[in-house]
Amino acid sequence: MLESLIIKNYALIDNVNLHFQQGFTIVTGETGAGKSIMLDALSLLLGERAETKAIADKSRKSVIEANFTNPDPALKNVFDVHRLEWNKNELIARREIYPSGKSRAFINDTPVTLPTLSAITENLVDIHSQHSNVLMSQHSSYLAIIDSYSGNSELLTNYKSDFAKYIALRGKIKRIKERIEKNRENRDFIVFQLEQLDKIHPKEGELKVIEQEFDMLSDADQIREDLGEVYSYLDGGENNINTYFAVVIDTLQQVNLNLFEEDGGADLMRRLDNLRIELKDISETIADYLDRVNSDPARLAKVTARMNQIYDAIKRFKVTDERELIGLHNDLHQKLDAIDNGDVDIADLEAEAKTLGKELKAKAALLSERRKKGAAEFGVKLTEIALPLGLPNMKFEVEFTIGKLTPDGQDTVDFLCSFNKNHPMQPISKVASGGEMARLMLSIKSIMAKCMNLPTVIFDEVDTGVSGEIADKMGEMMRNMGKEMQVVTITHLPQVAAKGNSHFKVYKTDNEERTVSHVRILDTEERIKELAGMLSGSSVNEAALMNARVLLGEEKSFEK
């Protein structure tokens, strides 16, 4: 439930910190006092767009923060999806608006995007404003109501997932067909290019190998001369390094090295022996190089021809290197294969799409069946609830139209109503007055709040256009809703206000600089005076006070 709401520097509100109770909470105040501003601020926590003109003091930011206790454990899945830390005891949502126009959102002090904020808070609060009556005239709301009442959430989720797969598959088939058709037009050119590349048959790493071989073959004589000279110095000549090194070792062995080293020169001799071995190994390596130098002119001509063939292909096919040439070769093979054998792949994909389409139609039909059954029950229940609210002749039904498959199924629905005897049923938007719409909406909300498992429902003057006995019954309906969830309502009617378990009053004061809205919770005596004022207007007399006490007395006796 909503435990607290903090609003700072927003419109007429400078600093308000409200603590809510369970049950049915009333909010009253004169027109323009700032009641709806509270809802506007709370709407920002539901993801509504923020405007800098709502910032009262442009030198500091606006802050709206709500604390919700014991959030529904099912919300943990949403937290996991968005990688947020879950706290089973509380959930804090905050929105900050800066004079620069920047807006930031937080969940449990962790920055989040607005869509993430909305995805979480829409499960915590439902605000029914006067604008919601307009939304109820839109067909997009009707299916959501029927699906929620019918318990179609899991089935609809599965259907939506399959529908997305079906659309993706149909899109894939379309793209493949378009690609094959385009390639068919270029088939002769593709075959021509493939024939040329098949003759060349480029291989990964081949160019580097033949370039190295070309460098060796084209300069073989000079390489042999240089390597031969080096080998002569090392081991091949009469006075080579290895010969002199052997003399050095033999001569040094005749010297009494004990005169210089404690180990008798053993370490020095080991080092010289290692050098001798290393020099011998180097000599053998140079000899191996000499053996590998090939000065075959025929091989040079063959390597040169192959290298030039690859160079020409890279230039002719407008690629940058050997790797891209190989990639083009493979790509052309795939294109030709798709042209010649693509019909087989498409046939398989279309068979898969056909099967998925049948499954979709079956799920859509099951959705329609469950919707129609739920709609019939919903209509009966709605009529029963709405009749006592001064709508004795109301008739209601849900009209179904079956069409093409959409992300929501195959159904388009309309809510039809008649509020007078012998009048034909017509869409709600055409026959419902403001007062009738308000009563109808309250009835729908009283049903849907339980289905949607919302912990908090807020009504903004849902009782507009009614009075007297009907207002009393609407208040009783909201109070009964408050026994199962938290209900907050803004009202101008004393019959409704008397039903609340707690009561806030919104009022404004003027100082030298600006007008400021305030909110305070009323005790019993303050409630009596507030209700008396709502009953009698500006002058509160004893009769009004007595009537107010009667209203609150009836409330107390009801609770007992």
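The values are calculated or read from the model by the stated rules, or taken from the named source; none is laboratory data. Values in this document were obtained by computation on a predicted structure and should not be read as measured data. All Cβ positions, even for glycine, are placed from backbone atoms using ideal geometry, and neighbour counts span all protein chains on display. To get the accessible areas, we keep the full protein, side chains included, count just its heavy atoms, and leave off ligands, DNA and RNA. Shrake-Rupley method; radii C 1.70, N 1.55, O 1.52, S 1.80 Å.
At an R0 of 51 angstrom, the distance between the Cβ atoms of K421 and S153 translates into a FRET efficiency of 0.85. The modelled label-to-label distance for the pair K529/R60, using points 7 Å beyond Cα in the direction of Cβ, is 3.0 nm.
Counting only alpha carbon atoms, the long axis of helix 140-150 and the longest principal axis of the chain meet at about 80°.
First compute the accessible area of the stretch 38-164 with a 1.4 Å probe, then give the percent of it belonging to carbon and sulfur atoms. The computed percentage sits at 48. Modelled spin-label separation between E384 and K53, with each label point placed 7 Å from Cα along the Cα-to-Cβ direction: 4.8 nm. Computed from Cα atoms, the angle from the helix 206-218 axis to the main principal axis of the chain rounds to 20 degrees.
Report in % the part of the accessible area of the stretch 312-353 that belongs to carbon and sulfur, leaving out ligands and nucleic acids; probe 1.4 Å. Carbon and sulfur together cover 47 percent of it.
Note on the stretch 256-304: dipole from Cβ charges, positive end direction compared against I286, N274, P297; the farthest Cα belongs to P297.
Counting heavy atoms of the protein chains alone, F106 has an accessible area of about 10 Å² for a 1.4 Å probe. Separation of the stretch 286-322 and the stretch 204-222, taken as the distance between their Cα centroids, equals 5 angstrom. Sequence-distant contacts, meaning Cα pairs under 8 Å at least 6 residues apart, place the relative contact order of the stretch 403-469 at 24 percent.
Taking a straight line from the alpha carbon of K361, these lysines sit under 26 Å away, with near neighbours fewer than eight places off in the same chain left out: K160, K165, K172, K174, K177, K372, K373, K404. Sort the stretch 387-500 into rounded, prolate or oblate with this rule: let a ≥ b ≥ c be the square roots of the eigenvalues of the Cα gyration tensor; rounded if a/c is under 1.5, and if a/c is not under 1.5, prolate when a/b is larger than b/c, oblate otherwise. In terms of gyration-tensor shape, oblate. Candidate cross-link partners of K302 among the lysines, defined by an alpha-carbon separation under 26 Å and a same-chain spacing of 8 or more, comprise K199, K203, K208, K315, K318. Each peptide in 309-316, 119-126 receives the mean, over its residues, of other Cβ atoms within 10 Å, and ordering these scores from highest gives 119-126, 309-316. In the chain, the alpha-carbon atoms span a convex hull of 337 Å³ per residue.
Working note: 222 nm ellipticity from helices only, DSSP H runs with n ≥ 4, each -39,500 (n - 2.57), summed and divided by the residues of the chain, gives -18500 deg cm²/dmol to the nearest 500.
Axis of helix 434-452 versus longest Cα principal axis of the chain: the two differ by about 50°, to the nearest ten degrees.
For the chain, a crude dipole built from +1 on the beta carbon of Lys and Arg and -1 on the beta carbon of Asp and Glu, taken about the Cα centre, is about 4020 debye to the nearest 20. The label-point distance for N239 and S141, in a model that sets each label 7 Å from Cα toward Cβ, rounds to 11.1 nm. Whole-Hz Karplus values for the stretch 355-372 come out as 4, 5, x, 5, 5, 4, 4, 5, 5, 5, 5, 5, 4, 4, 4, 5, 5, 5 Hz, taken residue by residue from phi with 6.51 cos²θ - 1.76 cosθ + 1.60 and θ = phi - 60°; glycine and proline positions read x.
For the stretch 215-263, the dipole from Cβ point charges (+1 on Lys and Arg, -1 on Asp and Glu) about the Cα centre works out to 180 debye, to the nearest 20. Listed by chain and number, the lysines whose C-alpha is less than 21 Å from the C-alpha of K473, apart from same-chain residues fewer than 8 away, are K381, K395, K445, K450, K483, K499, K556, K560. Residues whose amide H falls under 5 Å from that of F459, counting only those 5 or more places apart or on a different chain, are H128, V488, T489, I490, with hydrogens built in the peptide plane. Excluding ligands, DNA and RNA, the accessible surface per residue across the stretch 1-118 is 49 Å² with a 1.4 Å probe. Given +1 at the Cβ of Lys and Arg, -1 at the Cβ of Asp and Glu and no other charges, the dipole of the stretch 210-303 around its Cα centre is 140 debye to the nearest 20. Solvent-accessible surface of the stretch 264-312, averaged per residue with a 1.4 angstrom probe and all protein chains in place: 66 square angstrom.
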